[in-house]
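Taking it in order: structure first as structure tokens, then the write-up.
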Amino acid sequence: VDTFKAGLKSRGIQLETLADQIRAQVAWGKVIQRQVRPKIDVTDADIDTELEQLRRNIGKTQYLLAEILLTTDSTSKTQEVETFATRLAAQLRQQPENFPRAAREFSQASGAQQGGSMGWVLADQLPPELAKALESLADKSISNPIRTNLGYHILLLRERRTVTEALIPKRDDVMQSLGTMRLERAARRYYQDVRSGAFIEKRGE
């Protein structure tokens, strides 16, 4: 424990900040599993539509991404989270092999327990801020923290490829991909609703 604390201190990370991030990540994961995941459903028609759309994407660029999402649950903590995100991104650029472990420890994205993996995605499937960041991000590199309405994202671009007919996935893979994507979107909407409700309640006090 003492060695761990010393390691955090040497990197400028407060133990309390780490504990807050872990506590928030665990709690958020439980909320997603109980409140959001049971509502996610993928039908055969959904899969057919997605396969048709994928074939229309032949010739476009796909990105193999992983992300770390650090949410900002209050205005007062925004600067603290930004500082932590900046330090974390800098450390991960020095040791990119630690990205999956950092995602599992700190990220509040739905793919955190999979090392932050987002799989292969198109730019138009991402929030505009993340899509724009990809334009200047090299393969096998890690971005600076990117601000969205959810908080700060750190992206790892593993590689990119052009979509071809041979890359069109099987139905089972499409079902899994759709489920993961819908869970991520539903989790983001749920988070925004919770934040909006808390803000309205606070103003009404």
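The values are calculated or read from the model by the stated rules, or taken from the named source; none is laboratory data. Only a predicted model underlies this, so the values are computations on that prediction, with no experimental measurement involved. Ideal geometry is used to build each Cβ from the backbone, glycine not excepted, and the neighbour counts take in all protein chains shown. Only protein heavy atoms, including side chains, enter the accessible area calculation; ligands, DNA and RNA are left aside. Shrake-Rupley method; radii C 1.70, N 1.55, O 1.52, S 1.80 Å.
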For all pairs of alpha-carbon atoms in the range 49-131, what percent lies in each bin of width 5 Å, listed from the first bin to the last filled one?
3, 13, 18, 21, 19, 12, 7, 5, 2, 0
Expressed per residue, the solvent accessible area of the range 1-71 in Å² (1.4 Å probe) is about 63
The range 1-65 - Rg (one decimal) and Dmax (whole number), Cα, Å:
21.1, 55
Calc'd 3J(HN,Hα), the range 16-28, phi into Karplus 6.51 cos²θ - 1.76 cosθ + 1.60 (θ = phi - 60°), Hz, glycine/Pro = x, comes to 5, 5, 4, 4, 4, 5, 5, 4, 5, 5, 5, 5, 5
What's the angle, to the nearest 10 degrees (0 to 90), between helix 171-204's Cα axis and the longest principal axis of the chain?
40
Taking the inverse of the average 1/r across all pairs of different Cα atoms in the range 94-198, what Kirkwood radius in Å do you get?
15.2
Calculated P(r) tail over 19 Å for the range 1-115, as whole % of Cα pairs
60
Hull surface divided by four, with the convex hull built on the Cα atoms of the chain: how many nm²?
13.3
Report in % the part of the accessible area of the range 75-205 that belongs to carbon and sulfur, leaving out ligands and nucleic acids; probe 1.4 Å.
50
Exposed-loop-free span, longest in the chain, where trypsin sites (Lys or Arg not before Pro) count as exposed if DSSP calls them loop and at most 16 other C-beta atoms lie within 10 Å:
61-139
Which number gives the lysine pairs in the chain that have C-alpha atoms under 29 Å apart and are eight or more places apart or on different chains?
16
